[in-house]
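The block underneath contains the structure these notes are about, expressed in structure tokens.
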Amino acid sequence: ESTPVEYTKNFLVSVHDYTGLPWWGTIICTTVALRGTITLPLAIYQAYIISKVENLALIDMPEVAREVKKEVANLALKNKWDDRRTQIVYKRMLKGKWDSLVVRDNCHPLKGTITLWFQLPMWVFLTAALRNIAYLTPYDDAAAQVQYLQMCVGGFLWIPNLTLPD
């Protein structure tokens with residue numbers, strides 16, 4: 001009964017009515033279209049971000065780590081720090097340098113999960129919308145019954161009835 005699921009259900013019904021495809025064809029075409037228009041560009045962007053993060057880690061960070069190590073060693077001698085304090089300062093400075101490189105290249109590692117954050121809700125909404133059509137929920141009116149009956153005979157090959165559970 002959520003708004004995104006209702007919009008998804010209406011979208012599926014509109015595609016089915018507009019194309020005249022059987023329900024199995026509507027499900028496949030809708031899935032391919034959504035993955036091609038939403039998931040594919042996001043996956044390409046995700047690969048781009050991940051490659052930028054890898055370049056930072058493999059190309060830029062070793063040199064930065066050497067510089068920070070020298071700088072911290074000089075500070076440790078100057079301020080007479082023990083090893084524990086030196087390690088804490090080293091890690092803190094290295095983290096700061098990493099953060100500045102990430103900001104410079106605009107490639108926060110969490111951007112590498114962007115496909116997940118769009119694909120997962122899309123899958124949940126599509127699944128819930130198809131379930132609502134197959135179980136006549138949340139509405140049991142004449143239009144819903146027509147959609148249900150179309151799904152009963154809109155299967156293919158070994159799945160003739162799309163409303164039955166596996």
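Every number here is computed from the coordinates shown, using simple stated rules; none is lab data. Since we're looking at a predicted model, the values are computed, not measured. For neighbour counting, all protein chains shown are included, and Cβ atoms are generated from backbone atoms with ideal geometry for every residue, glycine included.
Key figures
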quantity	calculated
Descending semi-axes in Å of the range 54-135, equivalent ellipsoid built from Cα gyration tensor	47, 14, 8
Isotropically averaged projected area of the range 3-153, using the convex hull of Cα atoms (one quarter of hull area), nm²	13.1
Residue order, fewest to most surrounding Cβ atoms within 10 angstrom, among Asp141, Asp60	Asp141, Asp60
Helix 3-19 vs. the chain, principal-axis angle (Cα, 0 to 90°, nearest 10)	50
Inter-site label distance for Ile159 and Thr3 at 7 Å from Cα along Cβ, in nm	3.1
On Cα atoms only, tilt of 23-34 relative to the major axis of the chain in degrees	30
The range 81-166: trypsin sites (Lys or Arg not before Pro) falling in loop per DSSP and having at most 13 other Cβ within 10 Å	none
Taking Val72, Val64, Val153 and counting other C-beta atoms within 10 Å, the order from fewest to most	Val153, Val64, Val72
Helix 40-55 vs. the chain, principal-axis angle (Cα, 0 to 90°, nearest 10)	10
Under 23 Å from the Cα of Lys111 - lysines, other chains or at least 8 residues apart	Lys52, Lys95, Lys97
Helical contribution to [θ] at 222 nm, DSSP H n ≥ 4, -39,500 (n - 2.57), averaged over the chain, rounded to 500	-24500 deg cm²/dmol
